[in-house]
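Below is one structure, written out as structure tokens; comments come after it.
The values are calculated or read from the model by the stated rules, or taken from the named source; none is laboratory data. Since we're looking at a predicted model, the values are computed, not measured. No Cβ is skipped: glycine too gets one built from the backbone with ideal geometry, and neighbour counts run over all protein chains shown.
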Amino acid sequence: MLSIWEKESFLEYDFIVIGAGITGLSAALSLREKKPHASILILERGLLPTGASTKNAGFACIGTIGEKLHDISLLSEERVVQLMLKRWEGLQLTRKRTGDSNIDFEQNGGYELLLEDKSESINKIDYLNTLLKPYFEKPVYSIASHLIPSFGFNKKMVKGMVFNHVDGQLHSGKMIQKLWQLCGEQHIKIITGAEVISLHESDKQVQIVAQMLNSPESAICFAASQVLVCTNAFTQKLLSDVQVCPARGQVLITSPIPDLPFKGTFNFDEGYYYFRNLNNRILFGGGRNLNFEAENTTELKLTETVQHKLEWYLREMIVPGKPFSITERWAGIMGFGKDKAPEVRRYSERICLGVKLNGMGVALGSKIGEELALLSIA
Ligand SMILES: Cc1cc2nc3c(=O)[nH]c(=O)nc-3n(C[C@H](O)[C@H](O)[C@H](O)COP(=O)(O)OP(=O)(O)OC[C@H]3O[C@@H](n4cnc5c(N)ncnc54)[C@H](O)[C@@H]3O)c2cc1C
């Protein structure tokens, strides 16, 4: 039962964004740039954003050669390059908005570790550099195998290494917090603990029913002229005809390892595994390719299979012979599509989608948010 004060103050908006991850927050900020006087509300089901944006590894990267070769088998060369550029542009937009020091941004580059006979990436360096030549001053990829001994990796397992000088890294929590703060400064309201359970569109507006988690009696009906859906992996629960496949990512962090000899971001196995030096601790994640079916879930749980494999790689390959313990473990949920392309489209007259960030939203999220905002006012 709502009071007249609540009805007159909280319920009606020009734009409602659903989801307060990087895509939703960025979409709201881009909307504000175009619509200085519009009323904008973000509804977020968690008390904190509860998808991927505050649970990721903070790699701000355009992609490894192994990943790109895989992408080119699914999309055309042109689309793969476009997607890399979108990641690059998205990152520049985030940096411009937040300021590097507020999000601990560092451009230390990214390395692809080549295991066993995976020398294909080295053979394709010139090919990828030629595709990217019109857009970057220097060749993006170069051989870095000579650094393997000084980084301390197990030479029997790591056969080669490719460096990418444009990749960066950041603190995902600080990034979301800063975007959140900017939303506040731009008079964009955010309500947390509000799960949108249904959308009802008429020719005048969309009614958005939201409630506290598992509490139907708390339901409130909001209304907006336009709705921007930024719920990534969780979209199908709200709009059952939108195909976004959830994919869980598991992460762990080690205790401090003195004099950790590497910095930058590191990937192997087509990007299915990734690690970085986080203040002399290793943040290490991935392994969903060990059991795609089990990891195709929205459940925020850890599995022994993945966690054991991560620890095994740490001990055998990444820091062999160095003592450490595991101090943190968590999981987050990504949203994937059949190909690697994100989906920004009009779903209906008054509802637009910006979903399927395909595990690369740290760099891409601001760009997708911007594209979505422009679409919603077109
Ligand atoms: C473990 C892990 C590591 C990763 N590492 C990297 C990386 O290093 N680099 C990289 O680029 N990408 C990485 N990613 C992927 C990246 O985090 C995502 O692509 C990006 O965060 C997606 O942002 P988003 O805003 O679209 O979705 P999300 O961050 O998932 O945000 C969606 C939000 O919508 C909310 N929501 C969902 N349904 C509803 C509803 N019905 N009502 C209200 N709110 C709702 C959710 O609670 C959530 O907060 C990683 C992901 C994971 C899980």
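Specify the residue that is farthest from the chain's Cα centre (by Cα); the eligible residues are those in the range 228-278 that are in a strand (DSSP E or B) and among the β-branched types (Val, Ile, Thr).
Step one: of the range 228-278, the residues in a strand (DSSP E or B) are 228-229, 245-254, 265-268, 273-278.
Subset that is among the β-branched types (Val, Ile, Thr): 229, 251, 253-254, 265.
On the way: Val229: 16, Val251: 14, Ile253: 19, Thr254: 22, Thr265: 15 Å.
Ranking the qualifying residues of the range 228-278, first place goes to Thr254.
Going by what's in this entry, would Arg97 be described as within 30 Å of Asp126 (Cβ to Cβ) and among the basic types (Lys, Arg)? Before you say what the answer is, go through the steps one by one.
Working: within 30 Å of Asp126 (Cβ to Cβ): no; among the basic types (Lys, Arg): yes.
When the stated conditions are applied, Arg97 does not pass them.
Kindly evaluate Thr327 against the criterion of being over 21 Å from Thr64 (Cα atoms), in a loop (DSSP other than H, G, I, E, B) and not acidic (Asp, Glu).
So Thr327 does not fit the description; no.
Going through the range 139-162 one residue at a time, which ones are under 16 Å from Thr64 (Cα atoms) and without any contact (Cβ under 8 Å) to a residue 40 or more places away in the chain?
Pro139, Ser142, Ile143, Ala144, Ser145, listed by residue number.
Looking at the range 221-243, which of the residues that are of a type in the set (A, V, I, L, M, F, W, C) and within 10 Å of the ligand (Cβ to nearest atom) is nearest to Asn56 (Cα to Cα)?
To start, the set of residues in the range 221-243 that are of a type in the set (A, V, I, L, M, F, W, C) comprises 221-224, 227-230, 233-234, 238-239, 242.
Adding the requirement that they be within 10 Å of the ligand (Cβ to nearest atom) leaves 229-230, 233-234, 238-239.
On the way: Val229: 21, Cys230: 17, Ala233: 14, Phe234: 16, Leu238: 23, Leu239: 25 Å.
Here the answer is Ala233.
Check Gly365, Gly359 and return the single one that is within 11 Å of the ligand (Cβ to nearest atom), outside any strand (DSSP E or B) and farther than 21 Å from Val17 by Cβ. Spell out how you get there, then give the answer.
Numbers: Gly365 fails: farther than 21 Å from Val17 by Cβ.
One residue alone meets the criteria, Gly359.
Is there a residue in the range 284-299 that is within 11 Å of the ligand (Cβ to nearest atom), touching a residue at least 60 places away in the same chain (Cβ under 8 Å) and aromatic (Phe, Trp, Tyr)?
No, every residue in the range 284-299 fails to be within 11 Å of the ligand (Cβ to nearest atom), touching a residue at least 60 places away in the same chain (Cβ under 8 Å) and aromatic (Phe, Trp, Tyr).
Can you find a residue that is surrounded by 17 or more Cβ atoms within 10 Å (Cβ to Cβ) and closer than 22 Å to Phe234 by Cα anywhere in the range 304-326?
No.
Which residues, counting only those in the range 1-26, are within 15 Å of the ligand (Cβ to nearest atom) and either touching a Phe, Trp or Tyr at 6+ places or on another chain (Cβ under 9 Å) or without any contact (Cβ under 8 Å) to a residue 40 or more places away in the chain (or both)?
Of everything in the range 1-26, those that are within 15 Å of the ligand (Cβ to nearest atom) and either touching a Phe, Trp or Tyr at 6+ places or on another chain (Cβ under 9 Å) or without any contact (Cβ under 8 Å) to a residue 40 or more places away in the chain (or both) turn out to be Tyr13, Ile16, Gly19, Ala20, Leu25.
Of the conditions (1) more than 14 Å from the ligand (Cβ to nearest atom); (2) at pLDDT below 95, Gly271 fails just one. Which one is it?
Of the numbered conditions (1) more than 14 Å from the ligand (Cβ to nearest atom); (2) at pLDDT below 95, the odd one out for Gly271 is (1).
Looking at Lys367, is it of a type in the set (D, E, K, R) and touching a Gly at 6+ places or on another chain (Cβ under 8 Å)? Show your work before the answer.
Working: of a type in the set (D, E, K, R): yes; touching a Gly at 6+ places or on another chain (Cβ under 8 Å): yes.
So Lys367 fits the description; yes.
Mind listing whichever residues of the range 23-75 are assigned to a loop (DSSP other than H, G, I, E, B), hydroxyl-bearing (Ser, Thr, Tyr) and buried (at least 24 other Cβ atoms within 10 Å of the Cβ)?
Ser53, Thr64 - these are the residues of the range 23-75 that are assigned to a loop (DSSP other than H, G, I, E, B), hydroxyl-bearing (Ser, Thr, Tyr) and buried (at least 24 other Cβ atoms within 10 Å of the Cβ).
Assess whether Ile40 counts as being in contact (Cβ under 8 Å) with a residue 24 or more places away in the chain, more than 11 Å from the ligand (Cβ to nearest atom), assigned by TED's automatic domain parsing to the domain that holds Glu201 and β-branched (Val, Ile, Thr). Show your work before the answer.
Values: in contact (Cβ under 8 Å) with a residue 24 or more places away in the chain: yes; more than 11 Å from the ligand (Cβ to nearest atom): yes; assigned by TED's automatic domain parsing to the domain that holds Glu201: yes; β-branched (Val, Ile, Thr): yes.
Yes; evaluated as a whole, the condition is true for this residue.
Of the residues in the range 343-378, how many are without any contact (Cβ under 8 Å) to a residue 40 or more places away in the chain and over 11 Å from the mean Cα position of the chain (by Cα)?
Applying the first criterion (without any contact (Cβ under 8 Å) to a residue 40 or more places away in the chain) to the range 343-378 yields 344-346, 358, 371, 375, 378.
From what's left, over 11 Å from the mean Cα position of the chain (by Cα): 344-346, 371, 375, 378.
Number satisfying all stated conditions: 6.
Taking only the range 113-132 into account, find how many residues are at pLDDT below 95 and not in a helix (DSSP H, G or I).
Within the range 113-132, residues that are at pLDDT below 95 and not in a helix (DSSP H, G or I) number 7.
Which one of these does Ser325 not meet: (1) modelled with pLDDT under 95; (2) more than 21 Å from the chain's Cα centre (by Cα)?
Checking Ser325 against (1) modelled with pLDDT under 95; (2) more than 21 Å from the chain's Cα centre (by Cα), the one that fails is (1).
For the range 185-211, give me the residue count where each residue is within 22 Å of the chain's Cα centre (by Cα) and surrounded by fewer than 19 Cβ atoms within 10 Å (Cβ to Cβ).
Residues in the range 185-211 being within 22 Å of the chain's Cα centre (by Cα) and surrounded by fewer than 19 Cβ atoms within 10 Å (Cβ to Cβ): 3 in total.
Among the residues of the range 6-22, which ones are assigned to a helix (DSSP H, G or I) and surrounded by fewer than 24 Cβ atoms within 10 Å (Cβ to Cβ)? Write out each step before concluding.
Quick first cut of the range 6-22, residues assigned to a helix (DSSP H, G or I) only: 6-10, 22.
Listed by number, the residues that qualify are Glu6, Lys7, Glu8, Ser9, Phe10.
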